[in-house]
Amino acid sequence: MKKLILAAFIFASTISSNVLADIKMGVILGFTGPIESLTPAMAASAELAFKEASDSGSLLGGQKISVERADSTCVDSAAATAAAEGLVSGGVVAIMGADCSGVTGAIATNVAVPNGVVMISPSATSPGLTDLNDNGYFFRTAPSDARGGQILADITKDRKVKSLAVTHTNNDYGKGLADVYVAAVKAHGINVTVVTAHEEGKGDYGAEVATLAAAGGDALAVLGYLDQAGGSIIQGSLDSGAFDVFVLSDGMIGDSLTDRFGKDLNKSFGSLPGSTGKGAGKFAEVAKAAGIDSSGPYTGESYDAAALIVLAMQAGGKADRATVQANVMDVANAPGKKIYPGELKKALDLLAKGKAVDYEGATGVMLTDVGEAAGSFLEKEIKGGKFKTKKQR
């Protein structure tokens, strides 16, 4: 009799633990490295969406999500791959991330795709990722630099720049963006005096600045990362008087740059993916209520990436890797009820009833047939020592 009671207790306990087990999600971003000032808000934005779904009580009958963070470093592919392997072996259903293009490609190729784990990157923009052999497991809520480089070139032309030097970080992101941008500005009739690559993590960039200064130009385009080489090259350019106007790629746009240089950058400008639409306003509201600064790059894209993972699970009725992969495109695109930030419970309830949703999110999500955002861009300028949005492009 005692054995029967014990067996029944163990059986009931096993069922209870299975019901109550959290759904594990991974968030992998460069918490150290050349964009470390940007990633805390990106991570918090993704985790806000996961929390919203957990707190709704509507996710797969009331299940909860637990999040595990990992460090991509942004630039060290071996370290990023090892970190991602830890997430996958720990049982995450999907990964929000990574961030920088090189490490994102490495994680997708070596870890996520072979293990059947969906990755949704909020910020990897290299054109090379469009043709990644991903078997349908890699998505991104940020648009490709194939368009971003053209937009930045259009802004450069509109700002009446006649000649410029270009420096780019020496990785997939920098090289891919530079190829597009340089070709586009030349097509606009702008004289490109020199194009040079720079490495991240050096102690001194005097030689790089000297080369750029010798070539000259009305402006210096810095296609890189604000917290390491990009910021140091700007510092050297200002100190030497070589340049005082800078064209900034998305990886260079963040408060740490203006906190460092202030009004010295007042004539500088750039662009990054983003929107001024209805979803952007709603995201700003929910982020503010959660104590998150949504003004930085890729915060909306991070929320959207996490939201797509959640909705894909609900659409398929399971918290497993294959279900996420099979349903991301369906919840991201029409037809269906449009869903904005703060409305995840509404979306989860609709999906539970078998109804379709079209997740617009913070950034006007619409995924192309290869699973990347078509995307819009924000033209940014520095006035009064602060980044300001001029308009959507």
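Quick note: the coordinates plus some simple rules give every number you see, no bench work behind them. All values derive from a computational prediction rather than experimental measurement. Every residue, glycine as well, gets a Cβ built from its backbone with ideal geometry; the counts of neighbours run over all protein chains shown.
Annotations
- Bridgeable aspartates and glutamates around K263 (alpha carbons under 12 Å apart, same-chain partners fewer than 8 residues away excluded): D244, E381.
- Taking only alpha carbon atoms, the stretch 75-217 gives an Rg to Rh ratio of 1.07, where Rh is the Kirkwood radius.
- Straight-line cross-link partners of K318 among the aspartates and glutamates, defined as a Cα under 17 Å from its Cα and at least 8 positions apart when in the same chain: D22, D330, D349.
- Of I309, I65, the sequence from fewest to most neighbouring Cβ atoms within 10 angstrom is I65, I309.
- Whole-number D in µm²/s for the chain (Stokes-Einstein; Kirkwood sum over Cα pairs; 20 °C, 1.002 mPa s): 100 µm²/s
- Taking the longest Cα principal axis of the chain as reference, the axis of helix 172-187 is set at about 50 degrees.
- Listed residue (P122, V222, Q150) projecting farthest to the positive dipole end of the stretch 103-243, Cβ model: Q150
- Sum of -39500 (n - 2.57) over DSSP H runs of 4+, divided by residues of the chain (222 nm, nearest 500): -13500 deg cm²/dmol
- Rounded to 10°, Cα long-axis angle of helix 145-158 versus longest principal axis of the chain: 40 degrees
- Stokes-Einstein D in µm²/s, Kirkwood radius over Cα pairs - the stretch 97-180 at 4 °C with 1.567 mPa s viscosity: 95 µm²/s
- Over the stretch 285-360, equivalent-ellipsoid semi-axes from the Cα gyration tensor in Å: 23, 13, 11
- Taking N as its residue count, the alpha carbon Rg of the stretch 266-393 over 2.2 N^0.38 Å: 1.14
- For the stretch 112-120, backbone phi angles converted through the Karplus equation (6.51, -1.76, 1.60; θ = phi - 60°) give residue-by-residue couplings of 5, 5, x, 9, x, 10, 5, 10, 10 Hz, Gly and Pro being listed as x.
- For the chain, relative contact order (Cα pairs under 8 Å, six or more residues apart, normalised by length) works out to 18 percent.
- Leading residue at positive end of dipole, the chain (Cβ point charges), from Y205, L272, T363: T363
- Overall shape: prolate for the stretch 42-84, with the ratio a/c of the largest to smallest alpha carbon gyration tensor axis at 1.5 or above and a/b above b/c.
- Distance violations [Cα-Cα > 20 Å] among K288/K353; K202/K386; K160/K391; K64/K346; K160/K186; K278/K353: K288/K353; K202/K386; K278/K353
- GNM flexibility winner over the chain from A53, A374, A306 (Cα, springs under 10 Å): A374
- Expected-Rg normalisation [2.2 N^0.38 Å, Cα atoms] applied to the stretch 248-293: 1.41
- For the stretch 154-242, the share of alpha carbon pairs falling in successive 5 Å distance bins from zero is 3, 15, 27, 25, 19, 9, 2, 0 percent.
- About its Cα centre, the dipole of the stretch 284-343 is roughly 180 debye, where the only charges are +1 on Lys and Arg Cβ and -1 on Asp and Glu Cβ.
- Against the chain, whose longest principal axis is taken from its Cα atoms, helix 206-215 shows a tilt of about 60°.
- Placing unit charges on the Cβ atoms of the charged side chains and taking the dipole of the chain about its Cα centre, the candidate lying farthest along the positive direction among A98, L48, G251 is L48.
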